[in-house]
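The values are calculated or read from the model by the stated rules, or taken from the named source; none is laboratory data. Since we're looking at a predicted model, the values are computed, not measured. Note that each Cβ is placed from the backbone with ideal geometry, even for glycine, and that neighbours are counted across all protein chains shown.
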Amino acid sequence: MHAYKFTHFSEGGERISSTNITLGEMVKALFLGADVPRPQNITQPNVPFEEIWLENNNGKLHSWWMKQDSTRGTIALFHGYGAPKSSLLPYAYAFLEMGFNVFMMDTSGSGDSEGNHCTIGFKEGKDVRTAMDFLQGKNSQKPIYLFGESMGAASILRGMAEEGANPDAIIIQCPFESMATATKSRFENMGVPFFGLGHMLVFWGGVQNGFNAFEHSPSEYAKKVEVPTLFFWGAKDDRVRKSETDAVFGNIKGKKELVILENVGHSGHIHIEPAKWKVRVRDFFKQLEENK
(Lines give C-alpha, C1' and ligand atoms only; values in the text may rest on other atoms or scores of the structure.)
Protein backbone atom coordinates (compact mmCIF):
# COMPACT_ATOMS: atom_id res chain seq x y z
CA MET A 1 0.00 0.00 0.00
CA HIS A 2 2.85 2.38 0.81
CA ALA A 3 4.53 1.66 -2.52
CA TYR A 4 1.29 2.19 -4.41
CA LYS A 5 0.53 5.51 -2.72
CA PHE A 6 4.10 6.73 -3.21
CA THR A 7 3.80 6.18 -6.98
CA HIS A 8 0.12 7.09 -7.42
CA PHE A 9 -1.07 10.57 -6.51
CA SER A 10 -4.30 11.11 -4.59
CA GLU A 11 -6.94 13.74 -5.16
CA GLY A 12 -6.87 16.42 -2.45
CA GLY A 13 -5.43 16.21 1.05
CA GLU A 14 -2.09 17.40 2.39
CA ARG A 15 1.32 15.85 2.00
CA ILE A 16 3.07 14.65 5.19
CA SER A 17 6.62 15.91 5.68
CA SER A 18 9.13 13.15 6.42
CA THR A 19 11.13 15.53 8.62
CA ASN A 20 8.19 16.76 10.78
CA ILE A 21 6.13 13.59 11.05
CA THR A 22 4.34 12.66 14.29
CA LEU A 23 4.41 9.18 15.78
CA GLY A 24 0.79 8.61 14.81
CA GLU A 25 1.39 9.75 11.24
CA MET A 26 4.48 7.54 11.03
CA VAL A 27 2.57 4.45 12.16
CA LYS A 28 -0.25 5.16 9.73
CA ALA A 29 2.19 5.76 6.87
CA LEU A 30 4.10 2.55 7.59
CA PHE A 31 1.02 0.33 7.63
CA LEU A 32 -1.43 2.09 5.30
CA GLY A 33 0.79 4.21 3.07
CA ALA A 34 1.05 8.00 2.93
CA ASP A 35 -1.19 9.90 0.53
CA VAL A 36 0.67 12.17 -1.87
CA PRO A 37 -1.70 14.81 -3.35
CA ARG A 38 -1.54 15.21 -7.12
CA PRO A 39 0.69 18.21 -7.93
CA GLN A 40 -1.35 21.11 -9.29
CA ASN A 41 -0.24 24.18 -11.21
CA ILE A 42 -1.46 27.10 -9.12
CA THR A 43 0.16 29.79 -11.29
CA GLN A 44 0.79 30.38 -14.97
CA PRO A 45 3.64 32.22 -16.70
CA ASN A 46 3.48 36.01 -16.47
CA VAL A 47 4.85 36.25 -20.02
CA PRO A 48 3.23 35.25 -23.33
CA PHE A 49 3.10 31.47 -23.78
CA GLU A 50 1.49 28.79 -25.87
CA GLU A 51 -0.12 25.65 -24.46
CA ILE A 52 1.25 22.51 -26.10
CA TRP A 53 -0.11 18.97 -25.82
CA LEU A 54 2.24 16.12 -26.65
CA GLU A 55 1.57 12.40 -26.36
CA ASN A 56 3.43 9.14 -25.83
CA ASN A 57 2.53 5.81 -24.22
CA ASN A 58 2.50 7.57 -20.81
CA GLY A 59 -0.51 9.59 -21.99
CA LYS A 60 -1.14 13.20 -23.02
CA LEU A 61 1.42 15.67 -21.67
CA HIS A 62 0.70 19.35 -21.05
CA SER A 63 3.42 21.95 -21.67
CA TRP A 64 4.07 25.67 -21.83
CA TRP A 65 6.07 27.03 -24.76
CA MET A 66 7.61 30.49 -24.28
CA LYS A 67 9.22 31.56 -27.52
CA GLN A 68 11.18 34.77 -28.11
CA ASP A 69 11.84 36.54 -31.42
CA SER A 70 15.62 36.51 -31.01
CA THR A 71 17.11 33.62 -29.09
CA ARG A 72 20.34 31.87 -28.16
CA GLY A 73 18.59 28.49 -28.09
CA THR A 74 15.94 26.61 -26.14
CA ILE A 75 15.83 25.13 -22.64
CA ALA A 76 13.34 22.45 -21.56
CA LEU A 77 12.59 22.28 -17.83
CA PHE A 78 11.61 19.16 -15.87
CA HIS A 79 10.22 19.31 -12.32
CA GLY A 80 10.80 17.20 -9.23
CA TYR A 81 8.65 14.58 -7.51
CA GLY A 82 5.36 15.87 -6.15
CA ALA A 83 5.78 19.20 -7.95
CA PRO A 84 4.18 20.61 -11.12
CA LYS A 85 5.94 22.54 -13.86
CA SER A 86 4.87 25.86 -12.32
CA SER A 87 7.30 25.18 -9.45
CA LEU A 88 10.11 25.92 -11.93
CA LEU A 89 8.80 29.28 -13.14
CA PRO A 90 11.56 31.26 -11.34
CA TYR A 91 14.11 29.28 -13.35
CA ALA A 92 12.10 29.85 -16.53
CA TYR A 93 12.15 33.61 -16.02
CA ALA A 94 15.91 33.52 -15.45
CA PHE A 95 16.47 31.58 -18.68
CA LEU A 96 14.18 33.93 -20.61
CA GLU A 97 16.17 36.89 -19.26
CA MET A 98 19.35 35.20 -20.50
CA GLY A 99 17.89 35.07 -24.01
CA PHE A 100 16.51 31.54 -24.36
CA ASN A 101 13.20 30.05 -25.41
CA VAL A 102 11.68 28.02 -22.58
CA PHE A 103 9.68 24.80 -22.73
CA MET A 104 8.07 23.47 -19.53
CA MET A 105 6.37 20.08 -19.27
CA ASP A 106 4.24 18.38 -16.65
CA THR A 107 5.56 14.83 -16.80
CA SER A 108 3.01 12.03 -16.71
CA GLY A 109 0.78 12.03 -13.66
CA SER A 110 1.60 15.59 -12.61
CA GLY A 111 -0.03 18.98 -13.08
CA ASP A 112 -2.23 19.12 -16.18
CA SER A 113 -0.87 15.98 -17.84
CA GLU A 114 -2.83 12.73 -17.95
CA GLY A 115 -2.66 9.94 -15.40
CA ASN A 116 -2.03 9.83 -11.67
CA HIS A 117 1.08 7.65 -11.44
CA CYS A 118 4.72 8.64 -11.07
CA THR A 119 7.77 6.38 -11.47
CA ILE A 120 10.35 8.82 -10.00
CA GLY A 121 12.09 9.40 -13.31
CA PHE A 122 11.92 5.94 -14.90
CA LYS A 123 9.02 6.23 -17.34
CA GLU A 124 9.40 10.03 -17.22
CA GLY A 125 12.59 9.53 -19.24
CA LYS A 126 10.34 8.90 -22.23
CA ASP A 127 8.64 12.25 -21.56
CA VAL A 128 12.06 13.91 -21.86
CA ARG A 129 12.57 12.25 -25.25
CA THR A 130 9.09 13.37 -26.35
CA ALA A 131 9.94 16.97 -25.43
CA MET A 132 13.25 16.73 -27.30
CA ASP A 133 11.51 15.45 -30.44
CA PHE A 134 9.11 18.40 -30.35
CA LEU A 135 11.85 20.98 -29.82
CA GLN A 136 14.12 19.57 -32.51
CA GLY A 137 11.24 19.94 -34.95
CA LYS A 138 10.66 23.54 -33.84
CA ASN A 139 14.20 24.82 -33.45
CA SER A 140 16.65 22.53 -35.24
CA GLN A 141 19.17 25.31 -36.04
CA LYS A 142 19.71 26.37 -32.43
CA PRO A 143 21.11 24.44 -29.45
CA ILE A 144 18.69 22.65 -27.14
CA TYR A 145 19.51 22.34 -23.45
CA LEU A 146 17.77 20.45 -20.65
CA PHE A 147 17.29 21.53 -17.04
CA GLY A 148 15.99 19.27 -14.28
CA GLU A 149 15.63 19.31 -10.51
CA SER A 150 15.69 16.12 -8.41
CA MET A 151 13.36 13.66 -10.18
CA GLY A 152 13.52 15.94 -13.21
CA ALA A 153 17.30 15.50 -13.27
CA ALA A 154 16.90 11.72 -12.98
CA SER A 155 14.37 11.82 -15.84
CA ILE A 156 16.87 13.69 -18.02
CA LEU A 157 19.67 11.21 -17.29
CA ARG A 158 17.43 8.25 -18.08
CA GLY A 159 16.01 9.99 -21.15
CA MET A 160 19.52 10.42 -22.50
CA ALA A 161 20.85 6.99 -21.54
CA GLU A 162 17.86 4.82 -22.43
CA GLU A 163 15.43 6.83 -24.59
CA GLY A 164 17.75 8.53 -27.06
CA ALA A 165 17.31 12.16 -25.97
CA ASN A 166 20.29 14.12 -27.30
CA PRO A 167 20.53 17.70 -25.96
CA ASP A 168 23.56 19.90 -26.55
CA ALA A 169 24.16 20.29 -22.80
CA ILE A 170 22.35 19.82 -19.49
CA ILE A 171 21.94 21.55 -16.14
CA ILE A 172 20.89 19.19 -13.37
CA GLN A 173 20.22 19.73 -9.66
CA CYS A 174 20.35 17.15 -6.86
CA PRO A 175 19.60 13.88 -8.71
CA PHE A 176 19.55 10.81 -6.45
CA GLU A 177 22.04 7.99 -6.97
CA SER A 178 19.48 5.19 -7.28
CA MET A 179 15.90 4.39 -6.30
CA ALA A 180 17.22 2.31 -3.40
CA THR A 181 19.46 5.06 -2.00
CA ALA A 182 16.70 7.66 -2.39
CA THR A 183 14.32 5.45 -0.44
CA LYS A 184 16.96 4.78 2.19
CA SER A 185 17.43 8.53 2.74
CA ARG A 186 13.68 8.97 3.28
CA PHE A 187 13.62 6.14 5.83
CA GLU A 188 16.61 7.60 7.67
CA ASN A 189 14.91 11.00 7.82
CA MET A 190 11.90 9.33 9.44
CA GLY A 191 14.12 7.43 11.90
CA VAL A 192 13.00 4.06 10.47
CA PRO A 193 15.46 1.26 9.56
CA PHE A 194 15.72 0.80 5.79
CA PHE A 195 16.60 -2.90 5.78
CA GLY A 196 13.57 -5.07 5.10
CA LEU A 197 10.81 -2.47 4.89
CA GLY A 198 12.73 -0.21 2.53
CA HIS A 199 13.65 -3.08 0.22
CA MET A 200 10.00 -4.17 0.13
CA LEU A 201 8.93 -0.63 -0.77
CA VAL A 202 11.37 -0.44 -3.69
CA PHE A 203 10.42 -3.94 -4.87
CA TRP A 204 6.66 -3.36 -4.84
CA GLY A 205 6.99 0.11 -6.32
CA GLY A 206 8.65 -1.45 -9.32
CA VAL A 207 6.26 -4.39 -9.59
CA GLN A 208 3.18 -2.16 -9.47
CA ASN A 209 4.59 0.08 -12.21
CA GLY A 210 6.09 -2.56 -14.48
CA PHE A 211 9.85 -2.17 -14.02
CA ASN A 212 12.73 -3.27 -11.78
CA ALA A 213 13.07 -0.34 -9.41
CA PHE A 214 16.39 -1.64 -8.06
CA GLU A 215 17.86 -1.01 -11.53
CA HIS A 216 16.56 2.55 -11.70
CA SER A 217 19.89 4.31 -11.18
CA PRO A 218 20.78 7.83 -12.34
CA SER A 219 24.41 7.10 -11.44
CA GLU A 220 24.39 4.30 -14.04
CA TYR A 221 22.59 6.44 -16.61
CA ALA A 222 25.25 9.11 -16.10
CA LYS A 223 27.85 6.78 -17.62
CA LYS A 224 26.27 7.44 -21.02
CA VAL A 225 26.17 11.23 -20.68
CA GLU A 226 28.86 12.82 -22.84
CA VAL A 227 27.53 16.37 -23.25
CA PRO A 228 28.69 19.35 -21.12
CA THR A 229 27.00 19.22 -17.72
CA LEU A 230 26.51 21.84 -15.02
CA PHE A 231 25.65 20.06 -11.77
CA PHE A 232 24.24 21.82 -8.67
CA TRP A 233 23.97 20.36 -5.17
CA GLY A 234 22.95 22.03 -1.91
CA ALA A 235 25.15 21.36 1.10
CA LYS A 236 22.05 21.28 3.34
CA ASP A 237 20.29 18.65 1.22
CA ASP A 238 18.81 16.05 3.60
CA ARG A 239 17.44 13.86 0.81
CA VAL A 240 20.44 13.42 -1.49
CA ARG A 241 23.69 12.79 0.33
CA LYS A 242 27.08 14.08 -0.83
CA SER A 243 28.15 10.50 -1.54
CA GLU A 244 25.19 10.12 -3.94
CA THR A 245 26.11 13.37 -5.64
CA ASP A 246 29.71 12.24 -6.03
CA ALA A 247 28.56 8.91 -7.52
CA VAL A 248 26.36 10.53 -10.18
CA PHE A 249 28.76 13.37 -10.96
CA GLY A 250 31.76 11.04 -11.11
CA ASN A 251 30.14 8.85 -13.77
CA ILE A 252 29.34 11.67 -16.22
CA LYS A 253 31.67 11.30 -19.20
CA GLY A 254 31.47 14.74 -20.76
CA LYS A 255 32.95 18.04 -19.62
CA LYS A 256 31.39 18.77 -16.25
CA GLU A 257 31.33 21.15 -13.31
CA LEU A 258 29.95 20.58 -9.80
CA VAL A 259 28.70 23.67 -7.96
CA ILE A 260 27.95 23.31 -4.25
CA LEU A 261 25.64 25.93 -2.77
CA GLU A 262 26.35 26.03 0.95
CA ASN A 263 23.01 27.47 2.13
CA VAL A 264 20.69 25.40 -0.05
CA GLY A 265 18.76 22.23 0.78
CA HIS A 266 17.18 19.80 -1.66
CA SER A 267 15.44 22.46 -3.74
CA GLY A 268 15.05 26.21 -4.08
CA HIS A 269 18.54 26.89 -5.40
CA ILE A 270 17.50 30.01 -7.30
CA HIS A 271 15.50 31.31 -4.33
CA ILE A 272 18.21 30.95 -1.70
CA GLU A 273 21.39 31.76 -3.64
CA PRO A 274 20.09 33.49 -6.80
CA ALA A 275 23.20 35.56 -7.53
CA LYS A 276 25.63 32.63 -7.40
CA TRP A 277 23.27 30.37 -9.31
CA LYS A 278 22.78 32.88 -12.13
CA VAL A 279 26.49 33.69 -12.39
CA ARG A 280 27.45 30.02 -12.76
CA VAL A 281 24.70 29.39 -15.30
CA ARG A 282 25.65 32.44 -17.38
CA ASP A 283 29.30 31.38 -17.33
CA PHE A 284 28.29 27.87 -18.41
CA PHE A 285 26.40 29.14 -21.45
CA LYS A 286 29.18 31.57 -22.31
CA GLN A 287 31.71 28.75 -22.33
CA LEU A 288 29.44 26.60 -24.50
CA GLU A 289 29.10 29.37 -27.07
CA GLU A 290 32.83 30.15 -27.05
CA ASN A 291 33.69 26.49 -27.62
CA LYS A 292 31.46 26.06 -30.67
Any idea which of (1) assigned to a helix (DSSP H, G or I); (2) among the aromatic types (Phe, Trp, Tyr); (3) touching a residue at least 60 places away in the same chain (Cβ under 8 Å); (4) in contact with a helix residue (DSSP H, G or I) (Cβ under 9 Å, 6 or more places away or on another chain) is the one Phe249 doesn't satisfy?
-> (3)
Residues in segment 190-234 that are within 19 Å of Thr7 (Cα to Cα) and part of a helix (DSSP H, G or I) total 18
Given segment 58-137, what strands (runs of 3 or more DSSP E) lie entirely inside it while holding 3 or more residues that are over 30 Å from Glu215 (Cβ atoms)?
-> 59-66
Scanning for something more than 24 Å from Leu54 (Cβ to Cβ), buried (at least 24 other Cβ atoms within 10 Å of the Cβ) and touching a His at 6+ places or on another chain (Cβ under 8 Å), does segment 166-176 turn up at least one residue?
-> yes
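Matching residues to (1) assigned by TED's automatic domain parsing to the domain that holds Gly73; (2) more than 23 Å from Leu88 (Cα to Cα); (3) of a type in the set (A, V, I, L, M):
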{"site": "Met160", "(1), (2), (3)": "yes, no, yes"}
{"site": "Pro167", "(1), (2), (3)": "yes, no, no"}
{"site": "Trp204", "(1), (2), (3)": "no, yes, no"}
{"site": "Tyr221", "(1), (2), (3)": "yes, yes, no"}
{"site": "Val240", "(1), (2), (3)": "yes, no, yes"}
{"site": "Val248", "(1), (2), (3)": "yes, no, yes"}
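I'd like to know if segment 140-150 contains one or more residues that are within 27 Å of Gln287 (Cβ to Cβ), part of a loop (DSSP other than H, G, I, E, B), touching a residue at least 40 places away in the same chain (Cβ under 8 Å) and of a type in the set (Ser, Thr, Tyr).
Yes: one or more hits.
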How many residues are more than 16 Å from the chain's Cα centre (by Cα) and either within 20 Å of Ile272 (Cβ to Cβ) or of a type in the set (Lys, Arg) (or both) when one looks only at segment 84-117?
-> 5
Every residue from segment 135-194 that is under 16 Å from the mean Cα position of the chain (by Cα), among the polar types (S, T, N, Q) and within 16 Å of Ile252 (Cα to Cα) | Ser155, Gln173, Ser178
Could you say which residue among Ser108, Ser86 is surrounded by 19 or more Cβ atoms within 10 Å (Cβ to Cβ) and touching a Leu at 6+ places or on another chain (Cβ under 7 Å)?
-> Ser108
Looking across segment 56-83 at residues that are over 19 Å from the mean Cα position of the chain (by Cα) and in contact (Cβ under 8 Å) with a residue 24 or more places away in the chain, the single one that is surrounded by the fewest Cβ atoms within 10 Å (Cβ to Cβ) is Ser70
Give the residue, chosen from His199, His216, that is buried (at least 20 other Cβ atoms within 10 Å of the Cβ) and either farther than 30 Å from Thr22 by Cα or modelled with pLDDT under 95 (or both).
-> His216
Odd one out for His271, checked against (1) under 18 Å from the mean Cα position of the chain (by Cα); (2) surrounded by 14 or more Cβ atoms within 10 Å (Cβ to Cβ) | (2)
